[in-house]
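Heads up, the thing below is written out as structure tokens.
The values are calculated or read from the model by the stated rules, or taken from the named source; none is laboratory data. In this text, all values refer to a predicted model and were calculated from it rather than measured experimentally. We place every Cβ from the backbone using ideal geometry, glycine too, and count neighbours over all the protein chains shown. To get the accessible areas, we keep the full protein, side chains included, count just its heavy atoms, and leave off ligands, DNA and RNA. Shrake-Rupley method; radii C 1.70, N 1.55, O 1.52, S 1.80 Å.
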Amino acid sequence: VEEIKKELIAKMPTKVARKRAKSILPGTEMGEPIPEIQSNVRTIPGIITQRGCTYAGCKGVVLGPSRDIVNLTHGPIGCGFYSWLTRRNQTEAGPDGENFIPYSFSTDMTEHDIVFGGEKKLRAAIKEAYDTFHPKAISIFSTCPVGLIGDDIHAVARTMQEELGITIFANSCEGYKGVSQSAGHHIANNQIMKHVIGTDDDTKIEGKFKVNMLGEYNIGGDAFEIERILEKCGFTLVATFSGNSTVQDFRVAHNADLNTVMCHRSLNYVAEMMETKFGIPWIKVNFIGAEASAKSLRRMAAYFEDQELIDRVEAVIAEELVAVNKVVEEIKPRTAGKTAMLFVGGSRAHHYQELFKELDMKILGAGYEFAHRDDYEGRHVLPNIKVDADSRNIEELEILPDPERYKPRKTEAEMARLNEKGVDFKGYEGMIEGMGKNAMVIDDINHYETEKLLEIYKPDIFCAGIKEKFIVQKMGIPLKQLHNYDMGGPYAGFNGAINWYRDIDRMVNTKVWALIKAPWQSTGPELEATYVA
Ligand code: CFM
Ligand code: HCA
């Protein structure tokens, strides 16, 4: 790994190489000390990163998947257009038929608004959306120019909320506000905490084992499969943040007795704030991978300490694994020993390693685009993370126990006892541990490094996003999009695992990539020439 790392940075200017070196390191064996990785810092200007912007993280990622909030982009039309349905988060319209996901709401800011201010246009857009759809809530998202000209979107939200009598809140998530989409997650977490979560105390939520699912966005129908499994086990899912969700789900989410966290990076803030404010503990779960799903269900059942639930969960796991094992045994002989690399987002580059391992495939390297050190090294490093000016730029809400509604779900002693039984509260071990010292870990990988890695490792499959897809495939290597799953999915849960095994089998065993040659790689006479001085 050290040799390859040298090769990766060899052609970079000294200062750039020195900085990139801190974001590239080998994985570790289980139990070994984990070295510090540089992450959540600015991308070096001029480098082609795969990251997105703060607006993308706030509007596109966290709030976008909620179906009955009108998510209104205040900005030039491109921002709304490029965040329109590209993430493949699915939903089903509820009994009221409301589903705004297919729409793209934008104020369509132009030069005129930049010069004279855009608040008037924003007010008009809110009014128009209200008159047309009568939504329960409207959420406003600012884009880069809004921050530059200083439109007060929060004041507009307040006055329009008074005028229209529905929930209206705003997110100052200008694209440049943070170093990546990660800042946008934090901003969205803050605003849903302030304006939506726990705003309905009148609706009673029935159910013995009430849970929320945090950081699950129903890409390719993942949340549908998780909902199916939870229901079969006997859990009551109060709210998912935010796949297949409604604003009403968020309002009553404080009724849950356990918060489960799928994507730690994007929703850990709400998990922490809900624990402080309402006394709801949280655990990390992972429904990517059949084994991981089973483990997560067992932990959730253990938390409730109810024998009937524990037995039912075991029965569901046993039943579901029959089909899973049948497919895995059929496919494994064809995938065993094949190699994969995953560079994506802030959680999937870790979660999807489980599914590859179930196929007996080897991970040569992995990395996140925008995760923080805790997602790599584990949450125990949190107290040691330096807070730089870029992170300080994002508001840190001061949350206190709610005077009326704070109700610790477990006593300290119960929590400690459960902890010993493997219910690891607030625990996330991160990606690096157990990846093995022969694997590369790279944060915010850039285009140049990606090409280099492909030349050196020639993996059987590369997992990333749309920006990488066709470049990688032109190099003769199949690319699986781990953001939108290409046209596939769900990949979560047990049925999802089966879908994954079949898709990956097809991708790593097809001969098509070895058959294609670019015209200049073939020896056709028309393109062959020798330079003669
Ligand atoms: Fe969490 Fe996500 Fe991801 Fe993410 Fe994203 Fe995404 Fe992703 Mo694309 S919330 S960190 S900001 S799991 S949109 S659903 S696929 S980069 S790995
Ligand atoms: C985002 C969204 C994205 C982009 C995917 C990609 C997604 O970061 O704004 O680069 O292919 O999942 O849609 O992560």
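Brief remarks on what is shown
- Residue match in the stretch 137-160 (condition: under 21 Å from the mean Cα position of the chain (by Cα), of a type in the set (Phe, Trp, Tyr) and not assigned by TED's automatic domain parsing to the domain that holds THR240): yes
- Test: residue in the stretch 323-342 that is within 21 Å of the chain's Cα centre (by Cα), closer than 30 Å to PHE209 by Cβ and crowded, with 18+ Cβ neighbours inside 10 Å: no
- Within the stretch 76-115, the set of residues being out of contact with any Ser or Thr (no Cβ under 8 Å at 6 or more places or on another chain), among the polar types (S, T, N, Q) and more than 16 Å from ligand 1 (Cβ to nearest atom) comprises just one member, THR110.
- Restricting attention to the stretch 90-113, the residues being out of contact with any Gly (no Cβ under 6 Å at 6 or more places or on another chain) and either over 16 Å from GLU128 (Cβ atoms) or in a strand (DSSP E or B) (or both) number 15.
- Every pair of residues 6+ apart whose Cβ atoms lie under 9 Å, when the first sits in the stretch 334-351 and is over 20 Å from LYS467 (Cα atoms) and in contact (Cβ under 8 Å) with a residue 24 or more places away in the chain while the second is open to solvent by 10 Å² or more (accessible area, probe 1.4 Å) and near ligand 1 (Cβ under 6 Å from one of its atoms): HIS351/CYS263
- Residues that are of a type in the set (Ser, Thr, Tyr), open to solvent by 10 Å² or more (accessible area, probe 1.4 Å) and more than 20 Å from ASP200 (Cα to Cα) occur at least once in the stretch 149-160.
- In the stretch 429-473, the residues that are open to solvent by 50 Å² or more (accessible area, probe 1.4 Å) and either small (Gly, Ala, Ser) or away from ligand 2 (no atom under 12 Å from the Cβ) (or both): GLU429, GLU433, LYS437, ASN438, TYR448, GLU451, GLU455, ILE456, LYS458, ASP460, ILE471
- With respect to the conditions (1) away from ligand 2 (no atom under 16 Å from the Cβ); (2) open to solvent by less than 40 Å² (accessible area, probe 1.4 Å); (3) farther than 26 Å from MET274 by Cβ; (4) not hydroxyl-bearing (Ser, Thr, Tyr), ILE394 lacks only one, and its number is (3).
- For the stretch 89-99, the set of residues classified as under 21 Å from the mean Cα position of the chain (by Cα) and at pLDDT 95 or above consists of ASN89, GLN90, THR91, listed by residue number.
- Only a single criterion out of (1) under 30 Å from GLY465 (Cα atoms); (2) assigned to a strand (DSSP E or B) is not satisfied by ILE168, namely (1).
- Test for ILE399: is it open to solvent by 30 Å² or more (accessible area, probe 1.4 Å), of a type in the set (A, V, I, L, M) and either away from ligand 2 (no atom under 16 Å from the Cβ) or under 28 Å from the mean Cα position of the chain (by Cα) (or both): yes
- Each residue in the stretch 180-202 was checked for being within 16 Å of ligand 2 (Cβ to nearest atom) and either surrounded by fewer than 21 Cβ atoms within 10 Å (Cβ to Cβ) or not in a helix (DSSP H, G or I) (or both), and 1 pass.
- Considered as a group, the residues in the stretch 368-378 that are more than 11 Å from ligand 1 (Cβ to nearest atom) and open to solvent by less than 10 Å² (accessible area, probe 1.4 Å) include one that is farthest from MET30 (Cα to Cα), and that residue is ASP374.
- Of residues in the stretch 474-504 being away from ligand 2 (no atom under 12 Å from the Cβ) and hydroxyl-bearing (Ser, Thr, Tyr), the one surrounded by the most Cβ atoms within 10 Å (Cβ to Cβ): TYR491
- Test: residue in the stretch 42-60 that is hydrophobic (A, V, I, L, M, F, W, C), open to solvent by less than 10 Å² (accessible area, probe 1.4 Å), more than 10 Å from ligand 2 (Cβ to nearest atom) and more than 20 Å from the chain's Cα centre (by Cα): no
- Here ALA514 fulfils each of the conditions (1) away from ligand 1 (no atom under 16 Å from the Cβ); (2) open to solvent by 10 Å² or more (accessible area, probe 1.4 Å); (3) closer than 19 Å to TYR352 by Cβ apart from (3).
- Residue in the stretch 302-324 that is within 16 Å of ligand 1 (Cβ to nearest atom), in contact with a strand residue (DSSP E or B) (Cβ under 9 Å, 6 or more places away or on another chain) and either modelled with pLDDT of 95 or more or closer than 22 Å to PHE250 by Cβ (or both) present: no
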